[in-house]
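Here is the structure we will look at, set down as structure tokens.
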Amino acid sequence: MLRLYTNDACLLHQPGPSHPESPARLRAILQALDHHRFTQVERIDAGPADDEQLLRVHGPAQLARIRAAASESESRGTTVSLDADTMLGRGSLDAALCAAGAVVAAVDAILRGECRRAFCAVRPPGHHATPNEPMGFCLFNNIAIGAAHALIKHQVERVAILDFDVHHGNGTQDYVAREPRAIYLSSHQSPLYPGSGKLDAPPNVFNAPLPPGSDGRALRDAWTLHLLPHLETFRPQILLVSAGFDAHRLDPLADLNLDDADYAWLGTEIAATADRLCRGRVVSVLEGGYSLSALARAVPAYLTPQLVD
């Protein structure tokens, strides 16, 4: 059974009226998941992550910086800039805490045997946030916090993080490079922000950079020939997926040419791999995706193969 983890607080993050990472992204996804195919999906309102969970990945100075910016935003009634791309508004801290908390809750449920697959429909995204710096629209690294929770709280021995966002998850790579019980697999456009994701990566990081203009055939080859085989030798006990939908041909922020069928293929391959290697355990977490029409189609396409239990 697939579970959906979200929280209305994630709609309160307002990085600015012209910012592409808008609440409309999450609304488009949730409305699309009201379709009859998903009527049996249980929706869970996840609570916020606590400091213990955050500090497994992020340093105390980062938490203090984000909280200070949130306080400044509250007192001024305006957004506060953390970098050129990353804005924090009055509801942003609550949204970020609930986004991370949703991943923790999904990991708990799957490792307790309550369900086999989960999708965290949350924002702000997380995979650019490094252990010491918010960046690239991201405040906390949601997927890394989930991985650390599995490793430390549940004493899982091997966690795999898969990332098909069009931008490389530099923050996730930084976390995994210091965590030998995890591996990180990523397909992404290169060159593109943030400029990381090269082939010369740490030994437990496997990157598949794709040149601008690459289509679904190139993506499928990257995963089939270069990325997924590493899971066979690693034998993960759970898959965590940074599910970004900004490699879609309609997305305004990048230049790959995936379509809905490619996301359905990813959902099918990930579910089948999880069934074979780790009892079907998959937690997928929303990252990027900035075309509302593409999100409304590609997210259900990705999730539909995971409805089959």
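Tell me, please, whether a residue that is in contact with a Lys or Arg (Cβ under 7 Å, 6 or more places away or on another chain) and either of a type in the set (Lys, Arg) or under 16 Å from HIS13 (Cβ atoms) (or both) can be found in the stretch 63-75.
In the first step, residues of the stretch 63-75 are kept if they are in contact with a Lys or Arg (Cβ under 7 Å, 6 or more places away or on another chain); the result is 73-74.
Okay, now just the ones that are also either of a type in the set (Lys, Arg) or under 16 Å from HIS13 (Cβ atoms) (or both), so 73-74.
Yes.
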What residue, among those in the stretch 199-255 that are in contact with a Gly (Cβ under 6 Å, 6 or more places away or on another chain) and of a type outside the set (Asp, Glu), is surrounded by the fewest Cβ atoms within 10 Å (Cβ to Cβ)?
PRO209
Quick one: in the stretch 273-300, which of the residues that are among the aliphatic types (A, V, I, L, M) and assigned to a strand (DSSP E or B) is farthest from the chain's Cα centre (by Cα)?
VAL282
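Taking GLY267, is it touching a residue at least 12 places away in the same chain (Cβ under 8 Å), in contact with a Pro (Cβ under 9 Å, 6 or more places away or on another chain), crowded, with 23+ Cβ neighbours inside 10 Å and assigned to a helix (DSSP H, G or I)? Give the steps one after another, and end with the answer.
Details: touching a residue at least 12 places away in the same chain (Cβ under 8 Å): yes; in contact with a Pro (Cβ under 9 Å, 6 or more places away or on another chain): yes; crowded, with 23+ Cβ neighbours inside 10 Å: yes; assigned to a helix (DSSP H, G or I): yes.
Yes, satisfied.
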Among the residues in the stretch 301-309, are any among the charged types (D, E, K, R), assigned to a loop (DSSP other than H, G, I, E, B), modelled with pLDDT under 95 and over 27 Å from HIS19 (Cα atoms)?
yes
If I filter the stretch 213-235 for residues that are of a type in the set (Phe, Trp, Tyr), farther than 30 Å from PRO48 by Cα and in contact with a His (Cβ under 6 Å, 6 or more places away or on another chain), do I get at least one hit?
no
Among the residues of the stretch 73-105, write down those that are closer than 23 Å to PRO300 by Cβ and either under 13 Å from the mean Cα position of the chain (by Cα) or at pLDDT below 95 (or both).
ALA99, ALA102, VAL103
Count - residues of the stretch 45-81 that are in a loop (DSSP other than H, G, I, E, B) and among the β-branched types (Val, Ile, Thr):
3
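Considering GLY146, GLY169, which residue is at pLDDT 95 or above, buried (at least 23 other Cβ atoms within 10 Å of the Cβ), among the small types (Gly, Ala, Ser) and farther than 25 Å from ASP259 by Cβ? Even if it seems obvious, please write down each step before you answer.
Values: GLY169 fails: farther than 25 Å from ASP259 by Cβ.
Answer to the selection: GLY146.
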Here's a check for you: in the stretch 196-221, which residue that is free of Cβ contacts under 8 Å to residues at least 12 places away in the same chain and assigned to a loop (DSSP other than H, G, I, E, B) is nearest to HIS58 (Cα to Cα)?
PRO203
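Only one of ASP246, ASP251 is in contact with an Asp or Glu (Cβ under 8 Å, 6 or more places away or on another chain), modelled with pLDDT of 95 or more and farther than 17 Å from LEU185 by Cβ. Can you tell me which? Walk me through how you get there before you give the answer.
On the way: ASP251 fails: in contact with an Asp or Glu (Cβ under 8 Å, 6 or more places away or on another chain).
Result of the check over ASP246, ASP251: ASP246.
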Residue satisfying all of: in the stretch 107-143; farther than 18 Å from SER92 by Cα and of a type in the set (Asp, Glu); surrounded by the most Cβ atoms within 10 Å (Cβ to Cβ) among these
ASP108
Starting from the stretch 88-114, take each residue that is over 18 Å from PRO125 (Cβ atoms) and in contact (Cβ under 8 Å) with a residue 24 or more places away in the chain and list its partners that are assigned to a helix (DSSP H, G or I) and of a type in the set (S, T, N, Q), counting only C-beta distances under 6 angstrom and pairs at least six apart or across chains.
ARG90/SER73
Among the residues of the stretch 78-102, count how many are over 27 Å from ASP45 (Cβ atoms) and among the small types (Gly, Ala, Ser).
2
Would you confirm whether or not the stretch 128-135 contains a residue that is touching a Cys at 6+ places or on another chain (Cβ under 6 Å) and part of a loop (DSSP other than H, G, I, E, B)?
yes
Select from the stretch 179-195 the residues that are in contact (Cβ under 8 Å) with a residue 40 or more places away in the chain and assigned to a loop (DSSP other than H, G, I, E, B) and write down the one among them that is nearest to LEU225 (Cα to Cα).
LEU192
Kindly establish whether VAL104 is surrounded by 13 or more Cβ atoms within 10 Å (Cβ to Cβ), part of a helix (DSSP H, G or I) and of a type outside the set (Lys, Arg).
yes
When the stretch 183-204 is examined, which residues are found to be at pLDDT 95 or above and charged (D, E, K, R)?
LYS198
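The values are calculated or read from the model by the stated rules, or taken from the named source; none is laboratory data. Treat the numbers as computed from the prediction; the structure is a model and nothing was measured. Please note: Cβ atoms are built from the backbone with ideal geometry, for glycine as well, and neighbour counts cover all protein chains shown.
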